[in-house]
Amino acid sequence: MPTLVPILGDQCSHNLASLKASDPADSVVLMMEVGNECSYVLHHKQKIVLILSAMRHFAAELRTRGWTVDYMTLDDPANSGSFSGEVERAVARHRPDAIRIVEAGEWRVQKAMEGWSARLGVPVEILGDDRFVCSLPDFFTWAAAADRPMEFFYREMRARTGLLMEPDGKPAGGQWNYDKDNRAGPPHEGDFPRRRPNEPDAITREVMVLVEQRFGNHFGRLDDFALPVTAADAEAALDEFISSRLPNFGTYQDAMVIGEDLLFHAAISTSMNCGLLDPLDACRRVEAAWRAGAVPLNSAEGFIRQIIGWREYMRGMYWREMPELHEANALGATRPLPDFYWTGETDMRCMAECVRNTRDNAYAHHIQRLMVLGNFALIAGVDPRQISDWFLVVYADAYEWVEHANVIGMSQYADGGRIGTKPYAASGAYIDRMSDYCRGCVYDVTKKVGPRACPYNSLYWDFLARNEDKLAGNPRLRNQYRTWGRMGPEKKAAYREWAARVLDELVPAGPSWARPDDASGSGA
Ligand code: FAD
Ligand code: DLZ
Ligand code: SF4
């Protein structure tokens with residue numbers, strides 16, 4: 001009797017632990033397109049196309065490598081619509097002695113998997129996901145030792161991988177971190193590298209039709225779909241990034257420019273998160289480009305830090321903090337999500353631009369996510385569950401393990417500072433410094449109150465005032481509270497009154513953009 005090897009849509013990697021541990025001669029790989037995964041939140045159409053197309057390509061590659069693949073399509077009339085239902089039906093078809101699977105990227109799926117053995121009467125072996133550099137047990141040990149910020153974890157990962165390390169154990173260039181060289185404002189010349197167009201092939205086009213038919217009501221456009229759906233496409237996209245954008249990645253990592261959806265970013269998170277690109281291999285290739293003199297150290301180090309530092313840290317923190325993280329709301333924020341997050345219809349040019357990028361490409365780069373989209377929700381006091389749902393829906397790279405830690409933790413500070421060390425709240429001045437958005441905006445970024453005042457300004461001070469009891473003791477906010485403390489009562493009152501008017505004018509989004517109307521889909 002065979003071993004059943006279920007592979008999930010974000011596990012399209014030939015080096016997956018469950019494949020390495022199995023023999024094609026006596027295994028059946030099970031791949032399942034299921035309605036529940038497409039709409040437990042109403043994912044951006046591009047995310048669904050990405051996953052289903054990547055799964056179909058991956059299944060074909062596995063077959064050419066000698067694996068038997070039992071593939072369940074979404075439109076098969078017998079499809080039960082959930083992982084658990086499909087695994088149960090596959091057990092009845094194949095009568096396996098055992099099920100072997102790699103741990104899931106989302107809590108709700110992991111919990112379902114853990115129940116399969118009892119439910120199906122077949123032993124289930126759940127393997128660690130060794131596509132991450134740091135295993136979860138190792139991360140928990142590190143995190144239990146002391147409350148240390150990400151930077152210390154990152155240094156351990158540098159030492160462990162040998163990335164950007166000298167033979168004497170010192171960091172390349174003498175410093176661990178070149179973050180201070182990663183903060184230039186927007187470049188003035190308009191000569192930005194263009195991304196190589198990636199035409200959808202026949203498999204992807206077929207999935208696009210299916211997605212428009214089944215999920216036409218979901219957020220986002222498919223017109224410009226260009227995401228890599230095979231490992232070969234993803235490798236080509238990485239090569240292109242290394243040769244054309246990486247040299248400037250470090251310097252302009254925090255900059256934002258109107259119409260430049262990628263700027264100098266890699267746009268590889270979708271590929272890494274669904275398994276098409278190996279994170280450590282990507283880092284080694286970036287290191288090689290630096291050692292060959294093709295890119296500066298601040299770019300190579302900045303990139304590697306994001307991956308073996310932030311990406312690994314966020315994943316560890318998600319699993320350490322769940323399930324409480326899902327419901328966390330340390331600042332007691334309750335405002336409904338404003339409707340412009342879905343429509344993009346707002347005079348705030350920064351917000352409209354970031355929502356447009358999100359709708360067109362299922363993508364926004366880090367500073368757009370953190371300092372425009374996340375920042376507004378934070379300072380306006382939006383319910384963390386609502387903004388978290390939004391982020392989970394709209395990005396093609398979003399899975400709870402990375403989305404929850406970044407949104408609920410880092411951006412919204414809803415975990416009370418267990419993941420990040422301060423709330424990422426900022427006024428319009430920050431956005432003005434780092435972008436060219438404000439120049440063409442209806443609002444005046446220098447004004448704090450009045451009809452043309454930039455909404456980020458009064459909301460920023462109102463946020464600090466509203467949360468003074470919870471945040472004033474944070475050493476990273478000492479200067480901000482000192483400035484607030486020095487303001488006279490009239491000024492404070494004017495800022496807060498104007499903020500109340502701005503908040504009153506926000507139109508709440510309808511309830512049905514993010515989750516299905518019925519409560520279906522919370523399980524797996
Ligand atoms: P680059 O800027 O080119 O960075 C290279 C790689 O570093 C990324 O591909 C990514 O794998 C990794 N990385 C960088 N920062 C982070 C981070 N904070 N956490 C984890 N990995 C990181 N990333 C996701 O993959 N999925 C999400 O759902 C997601 N949601 C986010 C929500 C908010 C509010 C914020 C502030 C960040 C979020 N991020 C998320 C992290 C980061 O914004 C994206 O990984 C990045 O924008 C992806 O684009 P890129 O590949 O061009 O990244
Ligand atoms: C995101 C997604 C989507 C849209 N569809 C599927 C699917 O039909 N089949 C599948 O195996 N995986 C899909 N995924 C990815 C899963 O949601 C992801 O594997 C889990 O959330 C990880 O725990
Ligand atoms: Fe955004 Fe304010 Fe600048 Fe307008 S003025 S683009 S609202 S930060």
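Results for (1) at pLDDT 90 or above; (2) under 29 Å from residue 428 (Cα atoms); (3) in contact with an Asp or Glu (Cβ under 7 Å, 6 or more places away or on another chain), shown as yes or no for each residue.
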{"position": "203", "(1), (2), (3)": "yes, no, no"}
{"position": "218", "(1), (2), (3)": "yes, no, no"}
{"position": "229", "(1), (2), (3)": "yes, no, no"}
{"position": "238", "(1), (2), (3)": "yes, no, no"}
{"position": "269", "(1), (2), (3)": "yes, yes, yes"}
{"position": "274", "(1), (2), (3)": "yes, no, yes"}
{"position": "279", "(1), (2), (3)": "yes, no, no"}
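Listed by first and then second residue, the pairs with beta-carbon distance under 6 Å, at least 6 apart or on different chains, first residue in the stretch 431-458 and touching a residue at least 40 places away in the same chain (Cβ under 8 Å), second assigned to a loop (DSSP other than H, G, I, E, B) and within 16 Å of ligand 1 (Cβ to nearest atom), are 434/254; 434/255; 435/186; 436/186; 436/257. Please work out if residue 194 is charged (D, E, K, R), without any contact (Cβ under 8 Å) to a residue 40 or more places away in the chain, open to solvent by 100 Å² or more (accessible area, probe 1.4 Å) and within 29 Å of residue 222 (Cα to Cα). Yes: the conditions hold for residue 194.
The rows are residues; the columns are (1) at pLDDT 95 or above; (2) among the hydrophobic types (A, V, I, L, M, F, W, C).
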position	(1), (2)
458	yes, no
463	yes, yes
470	yes, no
475	no, no
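From the list 184, 144, 237, 232, exactly one residue is part of a loop (DSSP other than H, G, I, E, B) and hydrophobic (A, V, I, L, M, F, W, C). Which is it? One residue alone meets the criteria, 184. Tell me which residues, restricted to the stretch 2-26, are hydrophobic (A, V, I, L, M, F, W, C) and open to solvent by less than 30 Å² (accessible area, probe 1.4 Å). If the condition is that a residue be hydrophobic (A, V, I, L, M, F, W, C) and open to solvent by less than 30 Å² (accessible area, probe 1.4 Å), then 4, 5, 7, 8, 12, 16, 17, 19 are the ones that fit. Checked against (1) surrounded by fewer than 18 Cβ atoms within 10 Å (Cβ to Cβ); (2) within 24 Å of the chain's Cα centre (by Cα), residue 227 passes all but condition (1). Of all the numbered requirements in (1) under 27 Å from residue 387 (Cα atoms); (2) surrounded by 12 or more Cβ atoms within 10 Å (Cβ to Cβ), residue 473 misses one, and that requirement is (2).
Would you check if residue 271 is of a type in the set (Ser, Thr, Tyr), more than 8 Å from ligand 1 (Cβ to nearest atom) and touching a Leu at 6+ places or on another chain (Cβ under 6 Å)? Answer is yes for this residue. One residue is enough: does the stretch 204-216 have a residue meeting the conditions of a type in the set (A, V, I, L, M) and assigned to a loop (DSSP other than H, G, I, E, B)? There is no residue in the stretch 204-216 that is of a type in the set (A, V, I, L, M) and assigned to a loop (DSSP other than H, G, I, E, B). Highlighted here are the helices (runs of 4 or more DSSP H) found entirely within the stretch 443-524 that include at least 2 residues which are within 16 Å of ligand 3 (Cβ to nearest atom) and more than 30 Å from residue 113 (Cα to Cα): 455-466, 489-504. The residue list 493, 465, 453 contains one member that is of a type in the set (A, V, I, L, M, F, W, C) and exposed (fewer than 15 other Cβ atoms within 10 Å of the Cβ), which is 493. When the stretch 424-450 is filtered for residues that are touching a Gly at 6+ places or on another chain (Cβ under 8 Å), within 21 Å of residue 480 (Cα to Cα) and within 16 Å of ligand 1 (Cβ to nearest atom), the ones remaining, listed by number, are 424, 434. Of the candidates 335, 418, the single residue that is modelled with pLDDT of 95 or more and either under 19 Å from residue 186 (Cβ atoms) or more than 9 Å from ligand 1 (Cβ to nearest atom) (or both) is 335.
Among the candidates 158, 108, the residue that is under 28 Å from the mean Cα position of the chain (by Cα) and not assigned by TED's automatic domain parsing to the domain that holds residue 38 is uniquely 158. Based on this model, can you work out whether residue 514 counts as open to solvent by less than 50 Å² (accessible area, probe 1.4 Å) and touching a residue at least 40 places away in the same chain (Cβ under 8 Å)? Taking the combined requirement at face value, the residue satisfies it.
Looking across the stretch 340-389, the residues that are within 16 Å of ligand 2 (Cβ to nearest atom) and either open to solvent by 10 Å² or more (accessible area, probe 1.4 Å) or part of a helix (DSSP H, G or I) (or both) come down to 363, 388, 389. Among the conditions (1) under 22 Å from residue 228 (Cα atoms); (2) over 22 Å from the mean Cα position of the chain (by Cα); (3) open to solvent by less than 10 Å² (accessible area, probe 1.4 Å), the only one that residue 29 does not satisfy is (1). Report yes if residue 258 is touching a residue at least 40 places away in the same chain (Cβ under 8 Å) and at negative phi, otherwise no. Here the answer is yes, as residue 258 does meet what is asked. May I ask you to verify whether residue 247 is modelled with pLDDT under 95, outside any loop (DSSP other than H, G, I, E, B) and not acidic (Asp, Glu)? Yes, satisfied. Of the residues examined, residue 69 is not one that is assigned to a helix (DSSP H, G or I) and closer than 25 Å to residue 128 by Cβ.
The values are calculated or read from the model by the stated rules, or taken from the named source; none is laboratory data. Fair warning: this is a prediction, and the values are worked out from it, not measured in the lab. Methodologically, a virtual Cβ is constructed for each residue, glycine included, from the backbone with ideal geometry; neighbour enumeration extends over all protein chains shown. These area figures cover heavy atoms from the full protein model, side chains too; ligands, DNA and RNA do not enter into them. Shrake-Rupley method; radii C 1.70, N 1.55, O 1.52, S 1.80 Å.
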